Amino acid sequence: MASSSSYTMSLLTFFFFFFSLALISIARASVPPSETFMYVNEGEFGPYINDFASTTPPQMLTLFLFVWVSKGLSLCIVGFGKPTAANLYVKMPLSLSLGTNGNLALAEADGTVAWQTNTANKGVVSSKLLSNGNFVLYDSKENVDGTYSFVLESKQLSMYRKINNSSRPVLYYSVTLTNEKDPVQYVKFNSDPETDEGFAYDLTLEISSGGSFNFARPKYNITSSFLRLGMDGNLVIYTYYDKVFWGGYEKTFSLFDRDSNWETECQLPERCGKLGVCEDNQCVACPSEKGQLGWSKSCEPKKLNSCDAKDFYYYKVEGVDHYMSKYTRGSEHVRGEDCGKKCTSDCKCLGYFYKQDTSRCWLAYDLMTLTKVSNSTHLGFIKVPRQQVITANGHPSI
């Protein structure tokens, strides 16, 4: 592999791991017969697959597989986890296949599946082994059908979260790439040595219109690095250090991190689960109608049983921002009462957030992590059901 590598991204989502999956559910989508394959290892050192099981120590490595395919490109699959009788050993001969249903599987001769991507009937239409070693399964659309997405827009990189109660994803992070008139065409994820000696390498994101962002500066060869959008919405770079036998991958960059110069963990929507107040990268309180209580993973908003305004009310949380309010403008020039009326009339609205100093309003269709701020005029109002009391005549009283 060359001393530097570039990964070009256009208007799309990063999802890189040993297998990078660019998947979205598509009705009846399938892999054309011409795109399917099956490689079989018939001997100890067959032309396509050579495999072996590790037993020292077995709790660290349960399957190690090298796959050789056309033009000398190579792919490495490693399976980690607690070994069982089913996965500690794999029997020869083995086959690696991609079926019309889109599932990539490693199977023994009797059909026992030793490893698979679990992508059957999820819209896969083709595959490709890239020169950087990533094996990619493609669908017929561009975006990933996941909760989070990382998107290149005309002048910025944006990160969105999809929520059930809203038809539009919610922006929770963005960074401006250019102030020029022309839009950005692409960005490149690069790893380059600072000098010919290669004492230190720069992990950067280069912009088509000029300029770049520096992610990290490890003191070793970081050519084998990939950028990944995690299931928690964090953008992370992993780098492989080839001088060790196991545990070679380490995290060299994390966008939302307590040690990051980019963003804190409190800006991650799911940092405090379904509900919580975050301060200094930690979940410190569980807001409720009784005040702010100690936070735990069980903290969550109370379920509403009715959309009727008489069946719920709001409790106030002072000095907090919702994760969406940092990178979106909300509704401008709105009175606090009018902001509340909008949420009250919207059955899917779980609460609203209002900045008294700027008269801006945000309706929240999920709550998740609230960030503690020093400005006490930043207010949150969260819906909570009214308690019913049964009167002597048997009728409910609110």
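The values are calculated or read from the model by the stated rules, or taken from the named source; none is laboratory data. Remember, it's a predicted structure, so these values are computed and weren't measured experimentally. With ideal geometry, Cβ positions are generated from the backbone for all residues, glycine too; neighbour counts draw on all protein chains shown.
Some observations on this one:
- Condition met for Ser397 (modelled with pLDDT under 95 and among the small types (Gly, Ala, Ser)): yes
- Filter result for Leu152 (of a type in the set (A, V, I, L, M, F, W, C), within 20 Å of Met368 (Cβ to Cβ), in contact (Cβ under 8 Å) with a residue 24 or more places away in the chain and surrounded by 13 or more Cβ atoms within 10 Å (Cβ to Cβ)): no
- Cβ pairs under 7 Å, 6+ apart, first in segment 333-346 and under 14 Å from Cys307 (Cβ atoms), second surrounded by 15 or more Cβ atoms within 10 Å (Cβ to Cβ) and modelled with pLDDT under 95: none
- No other residue among Leu363, Leu379 is of a type outside the set (Asp, Glu) and either exposed (fewer than 14 other Cβ atoms within 10 Å of the Cβ) or free of Cβ contacts under 8 Å to residues at least 40 places away in the same chain (or both) apart from Leu363.
- Single residue of Cys307, Cys286, Cys299 found to be touching a residue at least 24 places away in the same chain (Cβ under 8 Å) and within 25 Å of the chain's Cα centre (by Cα): Cys299
- Segment 153-172, subset aliphatic (A, V, I, L, M) and not in a loop (DSSP other than H, G, I, E, B), residue farthest from Gly330 (Cα to Cα): Leu157
- Residue in segment 125-132 that is within 29 Å of Lys326 (Cα to Cα), of a type in the set (A, V, I, L, M, F, W, C) and surrounded by 16 or more Cβ atoms within 10 Å (Cβ to Cβ) present: no
- Only listed residue being at pLDDT 80 or above, touching a Leu at 6+ places or on another chain (Cβ under 7 Å) and on the phi < 0 side of the Ramachandran plot, chosen from Phe135, Phe150: Phe150
- Among the residues of segment 116-132, those identified as part of a loop (DSSP other than H, G, I, E, B) and at pLDDT 80 or above are Thr117, Asn118, Thr119, Ala120, Asn121.
- Enumeration of residues in segment 173-192 that are surrounded by 12 or more Cβ atoms within 10 Å (Cβ to Cβ), of a type in the set (Val, Ile, Thr) and assigned to a strand (DSSP E or B): Val175, Val187
- The residue list Thr195, Thr204 contains one member that is over 30 Å from Cys347 (Cα atoms), assigned to a loop (DSSP other than H, G, I, E, B) and among the β-branched types (Val, Ile, Thr), which is Thr195.
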